[in-house]
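Chemist: Quick one: the structure is below, and I'll ask about it shortly.
The values are calculated or read from the model by the stated rules, or taken from the named source; none is laboratory data. Worth saying up front: this structure is predicted, and the values here are computed from it rather than measured. No Cβ is skipped: glycine too gets one built from the backbone with ideal geometry, and neighbour counts run over all protein chains shown. Side chains included, ligands, DNA and RNA excluded: accessible areas come from the protein's heavy atoms. Shrake-Rupley method; radii C 1.70, N 1.55, O 1.52, S 1.80 Å.
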Amino acid sequence: LLIMRLAARAPCLRAPVTSTLGVMKTVNLELRSDDKTVEVTITGTFESADLNLLQQYRSHMQRVRDAALFDRGIPSITNMSWNAGSPMTFACPEYTNGELYELLHVLRPLILESEAASFQKTLALLGRVFRDKTYASHQKTLRRIFEDGELSMYMQVSVGGQPLLDESLLKIWLNGTQYHTDAEKALAWSKLEASLTTSNARAIVITQLNSRVKALLLLEHEVGLILGP
């Protein structure tokens, strides 16, 4: 559903025409609107190191596809409710800690910016190669979905001044309790979880991870067009 909606907001990427010369590869991409009209054709040349990075990204994504939680469908918030005199409640399908830990493990080389073929570095590479305003706008949408989550494009919820649909919340959780053990962030997360309740906190973080995977998949589609089968 996300891909269909995103396609309605941004140009579609059509299969490329490629040519190779030595260790370089030139790719032409047609950016098309909803009515299939070609808005612009962009051309980019990838060097050997660029292609290696894209291959790494695609390999990392295969590991994500093999994860159990991906296979059955990563949960996300399905409903939010506020009743007078009662705390807010986020309805979200349940998932086990084991499923979560496996997903975080395979996502690590993609969502940690310092990794060689992270989402951020792969997105930046395509932006450098394909220098076009229409394409840049499309990539900006991908970055927004990845960083702050798809829901952030339509609404925002804050607790104690901390926006929940925001990259900063996911960083507090990841760096304080998952990928790192930063004491300050661990304490901040503990306070947030106490305010939210554990079930609401779990609903928020899995929803944000769901959006990250959606952005990763959309970028993987572009990588696949460039690399070919």
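Chemist: Output the qualifying pairs, or none if there are none: Cβ atoms under 7 angstrom, residues six or more apart or on different chains, first residue in the stretch 185-202 and open to solvent by 60 Å² or more (accessible area, probe 1.4 Å), second residue assigned to a helix (DSSP H, G or I) and at pLDDT 95 or above.
Modeler: Lys185/Ile172; Lys185/Asn175; Lys185/Gly176
Chemist: Could you say which residue among Lys140, Lys171, Lys121 is of a type in the set (D, E, K, R) and surrounded by fewer than 14 Cβ atoms within 10 Å (Cβ to Cβ)? Quick ask: steps written out before the conclusion?
Modeler: Values: Lys171 fails: surrounded by fewer than 14 Cβ atoms within 10 Å (Cβ to Cβ); Lys121 fails: surrounded by fewer than 14 Cβ atoms within 10 Å (Cβ to Cβ).
Lys140 is the lone residue from the list that is of a type in the set (D, E, K, R) and surrounded by fewer than 14 Cβ atoms within 10 Å (Cβ to Cβ).
Chemist: Residues in the stretch 143-168 that are of a type in the set (Gly, Ala, Ser) and either under 28 Å from Thr37 (Cα atoms) or open to solvent by 60 Å² or more (accessible area, probe 1.4 Å) (or both): how many?
Modeler: Here is the first cut: in the stretch 143-168, the ones of a type in the set (Gly, Ala, Ser) are 149, 152, 158, 160-161, 168.
Then keep just the ones that are either under 28 Å from Thr37 (Cα atoms) or open to solvent by 60 Å² or more (accessible area, probe 1.4 Å) (or both); that gives 158, 160-161.
Summing the residues that are of a type in the set (Gly, Ala, Ser) and either under 28 Å from Thr37 (Cα atoms) or open to solvent by 60 Å² or more (accessible area, probe 1.4 Å) (or both) in the stretch 143-168 gives 3.
Chemist: Pick out the one residue from Leu112, Leu107, Leu123 that is closer than 27 Å to Ser158 by Cα, in contact with a helix residue (DSSP H, G or I) (Cβ under 7 Å, 6 or more places away or on another chain) and modelled with pLDDT of 95 or more. Quick ask: steps written out before the conclusion?
Modeler: Details: Leu112 fails: in contact with a helix residue (DSSP H, G or I) (Cβ under 7 Å, 6 or more places away or on another chain); Leu123 fails: closer than 27 Å to Ser158 by Cα.
Being closer than 27 Å to Ser158 by Cα, in contact with a helix residue (DSSP H, G or I) (Cβ under 7 Å, 6 or more places away or on another chain) and modelled with pLDDT of 95 or more holds for just one of Leu112, Leu107, Leu123, which is Leu107.
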